[in-house]
Amino acid sequence: MGLFSRRKTVFVDADILVVGGGMAGCGATYEAGYWGRDLKVVCVEKANIERSGAMAQGLYAINCYMGMQWDENQPEDHVRYARNDLMGLVREDLGYDIARHVDATVHKFEEWGLPIMKDPETGRYQREGKWQIMIHGESYKPIVAEAARKAATEVYNRIMVTHLLTDRTKPGRVAGAVGFNVRTGDYHVFRAKAVIVCAGGASHIFKPRAVGEGMGRTWYAPWSSASAYALPILAGAKMTQMENRIVLTRFKDGYGPVGAYFLHLKTYTENAYGEEYESRWYDHTKALVGDYIDMHPVPTCLRNHALLEEIKAGRGPIRMVTKEAFADPHKEQVGWENFLGMTIGQAVVWASQNIDPKHTNPELTTSEPYVMGSHATCSGAWASGPEDCAPADYQWGYNRMMTVDGLFGAGDTIGGSAHKFSSGSFTEGRIAAKAAVNYVNDLKSEQPQVSEKEYEDLRTVVFRPLETYRVGRNEIVAGTVSPSYMLPLHGLQRLEKIMDEYVGGIGANYTTNEPMLTRGLELLDMLKEDLDHLGAEDLHQLQRAWELHHRVLASEAVTHHTLYRTETRWPGYYYRGDHPKLDDAQWHCFTLSRYDRESGEWAMEKAPVYHIVD
Ligand SMILES: Cc1cc2nc3c(=O)[nH]c(=O)nc-3n(C[C@H](O)[C@H](O)[C@H](O)COP(=O)(O)OP(=O)(O)OC[C@H]3O[C@@H](n4cnc5c(N)ncnc54)[C@H](O)[C@@H]3O)c2cc1C
């Protein structure tokens, strides 16, 4: 550690530490400030909360709004919808809890200045679909961030959190976090009574379709680097449904969103020969999943499945029929504006490929898999539910507290509760923060203690890649390959290849089986050994190194969960070739894992699914 011993250590004391200032983190910070007026609330973010997270670029729709004031939907309806979409498996208590509070959150967004479109005839919010309302959302994130900034005692931007700290007086309790400033290189030790992890989902664990010159273009944000999972996993928290990775059908090459096109512009899809194809696959899909194919709306994964089968049958590409909708100038304008507010890159891709959707029906494709907890998928931490409606098996402490004392989560971090999206993630952040304030108040004098040895040891670990590079670079005269270190990019590409080929990525047509998963785990183990030899040229690469560490751990969780669930629950997301059918008799349950960081072993178990809504 000689080379870097003069690095500054900054100590920060907080009552509540929020890790990640995206949608859930801003919600948590806002609410913690409200209920915990005398508490010190600190938000730490690796980018800048003004424009960070999955929706940094803006959004065109809020995808979770009940409309209870107009009796459009009730929370129970949303639970039924999410349950159908996830093929029967959701934590209904968590979903219900978000649904009953989400409208109030959206009303706050409007109060804070977010322009929400109105239906000129009814005066209500303009619906894009049953659950979605349309917004002018380019500035959605800065608006939300302002509320968080005003509520926080302090916001620390540009600090990448690498590890959580544990209480030295009570094992199994969190005591804070450590990380480093990606601009100055200062080491930060946050001592906190409660920690709320809101660090987003995971892209780039499976090899993306866009590699080489297009690398970095993914549907989920490229900076979503799995910290939301790795931080709790390392601290011993149980995870759930990590096998439930999501695959998105999107416009080809730009990952442009299709929701507004399907729902608002009423476009539809066809195969290369202009034929409707979904009904062709009905009997085939029914044989795999039974009555789930008869759900309305058809579950997201099963719509992917029909598309994938049609392409396999040689009738691709699949196209979105835009020519009819774009004949209407108003719809044409909406179609383009939809991209301007959130995925401007799709418009640029179309321009570069001579595609004007008024004259050419654009191609659709399926993405590489992502891991997240807030979309049509529910990977994440296993959390305690709300006191008034969670079954006893789902309640062991404070709402949204994980299986580690004092460790809370929200948004992509929390598993089992799909279809939260931006508004639901913010709402869940609020719910978690209110519970965390109660937790801190109840602690009274029995406060967590940070171990000096733990944070000093971590300091050595965190900065080691810089030292490895400084020493090892002397052994090479040119190029980037060294006998003594591996660069983060090399490690990332190796991870993506393993996950793609063995765990059901695009290269394997989303298919895997027990022998492949077992081999995948062996290769991940070897990759983990090599992570000790990561070399980082500068602070930027040090951040990449830690993002890689987090991605690898989350990937291991995905692989173990996929191996454990011996059925194909979500065809269209992934296939177990050795267990091609859905098996409700054995697997109408959640899968849970717990990682032991001392032994490196994963323990798997099942947890019951309770239906609290008819
Ligand atoms: C392309 C796209 C389109 C979408 N469209 C819609 C839509 O139309 N409507 C809708 O409602 N929702 C939409 N969503 C979903 C919505 O963006 C997510 O549901 C929501 O952002 C999840 O909130 P979160 O707080 O969990 O994660 P994020 O908002 O991603 O926030 C995570 C935060 O944690 C920070 N972070 C990560 N790791 C660390 C670390 N180690 N240390 C410190 N900070 C860290 C990140 O920088 C980030 O700020 C879309 C998402 C994407 C990517």
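The values are calculated or read from the model by the stated rules, or taken from the named source; none is laboratory data. Small disclaimer: the values here were computed from a predicted structure and weren't measured. Every residue, glycine as well, gets a Cβ built from its backbone with ideal geometry; the counts of neighbours run over all protein chains shown.
In the set (1) more than 25 Å from VAL44 (Cα to Cα); (2) surrounded by 20 or more Cβ atoms within 10 Å (Cβ to Cβ); (3) small (Gly, Ala, Ser), ALA210 fails one condition alone, (2). Screening GLY236 on (1) within 16 Å of the ligand (Cβ to nearest atom); (2) closer than 25 Å to HIS560 by Cβ; (3) surrounded by fewer than 21 Cβ atoms within 10 Å (Cβ to Cβ) shows it passes everything except condition (1). The residue list GLY67, GLY88 contains one member that is farther than 26 Å from VAL189 by Cα, within 16 Å of the ligand (Cβ to nearest atom) and among the small types (Gly, Ala, Ser), which is GLY67.
In the set GLU154, GLU110, GLU128, only one residue is surrounded by fewer than 21 Cβ atoms within 10 Å (Cβ to Cβ), in contact (Cβ under 8 Å) with a residue 60 or more places away in the chain and touching a strand residue (DSSP E or B) at 6+ places or on another chain (Cβ under 6 Å); that residue is GLU154. In this structure, does GLU324 turn out to be more than 22 Å from PRO369 (Cβ to Cβ) and either touching a strand residue (DSSP E or B) at 6+ places or on another chain (Cβ under 7 Å) or touching a residue at least 40 places away in the same chain (Cβ under 8 Å) (or both)? Judged against the criteria, GLU324 is a match. Screening the candidates ILE431, ILE506 for the property of being within 16 Å of the ligand (Cβ to nearest atom) and touching a residue at least 60 places away in the same chain (Cβ under 8 Å) yields one hit, ILE431.
Does any residue of region 29-37 turn out to be small (Gly, Ala, Ser), more than 15 Å from the ligand (Cβ to nearest atom), in contact with a strand residue (DSSP E or B) (Cβ under 6 Å, 6 or more places away or on another chain) and in a helix (DSSP H, G or I)?
Scanning region 29-37 turns up at least one residue that is small (Gly, Ala, Ser), more than 15 Å from the ligand (Cβ to nearest atom), in contact with a strand residue (DSSP E or B) (Cβ under 6 Å, 6 or more places away or on another chain) and in a helix (DSSP H, G or I).
Summed over region 533-585, residues that are under 30 Å from THR468 (Cα atoms) and either part of a helix (DSSP H, G or I) or within 22 Å of the chain's Cα centre (by Cα) (or both) total 21.
Criterion first (charged (D, E, K, R) and assigned to a helix (DSSP H, G or I)) does LYS150 satisfy it? Against the criterion (charged (D, E, K, R) and assigned to a helix (DSSP H, G or I)), LYS150 qualifies. Being free of Cβ contacts under 8 Å to residues at least 24 places away in the same chain and either near the ligand (Cβ under 10 Å from one of its atoms) or more than 29 Å from ILE133 (Cβ to Cβ) (or both) is a property that does not hold for SER422. Within region 38-64, the residues that satisfy the criterion of being within 21 Å of THR218 (Cα to Cα), within 6 Å of the ligand (Cβ to nearest atom) and in a loop (DSSP other than H, G, I, E, B) are LYS46, ALA47, SER52, GLY53, ALA54, MET55, ASN63.
Every condition in (1) of a type in the set (Val, Ile, Thr); (2) buried (at least 24 other Cβ atoms within 10 Å of the Cβ); (3) over 30 Å from GLU310 (Cα atoms) holds for VAL371 except the one numbered (3).
The helices (runs of 4 or more DSSP H) found entirely in region 274-354 that carry 2 or more residues being buried (at least 18 other Cβ atoms within 10 Å of the Cβ), more than 16 Å from the ligand (Cβ to nearest atom) and not β-branched (Val, Ile, Thr) are 300-312. Taking (1) buried (at least 19 other Cβ atoms within 10 Å of the Cβ); (2) touching a His at 6+ places or on another chain (Cβ under 9 Å) in turn, VAL481 satisfies each apart from (1).
Flag set for VAL471, criterion: in a helix (DSSP H, G or I), free of Cβ contacts under 8 Å to residues at least 60 places away in the same chain and either over 26 Å from GLY535 (Cβ atoms) or away from the ligand (no atom under 16 Å from the Cβ) (or both).
Sub-6 Å Cβ pairs linking a first residue in region 364-388 that is without any contact (Cβ under 8 Å) to a residue 40 or more places away in the chain and within 19 Å of ARG303 (Cα to Cα) to a second residue that is within 15 Å of the ligand (Cβ to nearest atom) and in a loop (DSSP other than H, G, I, E, B), at least 6 apart or interchain, number zero. The one condition from (1) within 14 Å of the ligand (Cβ to nearest atom); (2) aromatic (Phe, Trp, Tyr); (3) outside any strand (DSSP E or B); (4) closer than 16 Å to GLU547 by Cα that PHE180 does not meet is (3). Does LEU407 qualify as being hydrophobic (A, V, I, L, M, F, W, C), surrounded by 16 or more Cβ atoms within 10 Å (Cβ to Cβ) and under 30 Å from LEU487 (Cα atoms)? Criteria not met by LEU407.
For region 205-233, residues that are modelled with pLDDT of 90 or more, of a type outside the set (Gly, Ala, Ser) and either outside any loop (DSSP other than H, G, I, E, B) or away from the ligand (no atom under 13 Å from the Cβ) (or both) total 9. State whether the residues of region 377-384 include one that is part of a loop (DSSP other than H, G, I, E, B) and either basic (Lys, Arg) or touching a Pro at 6+ places or on another chain (Cβ under 8 Å) (or both). No; the residues of region 377-384 include none that is part of a loop (DSSP other than H, G, I, E, B) and either basic (Lys, Arg) or touching a Pro at 6+ places or on another chain (Cβ under 8 Å) (or both). Residues in region 386-412 that are touching an Asp or Glu at 6+ places or on another chain (Cβ under 9 Å) and within 16 Å of the ligand (Cβ to nearest atom): ARG400, GLY409, ALA410, GLY411.
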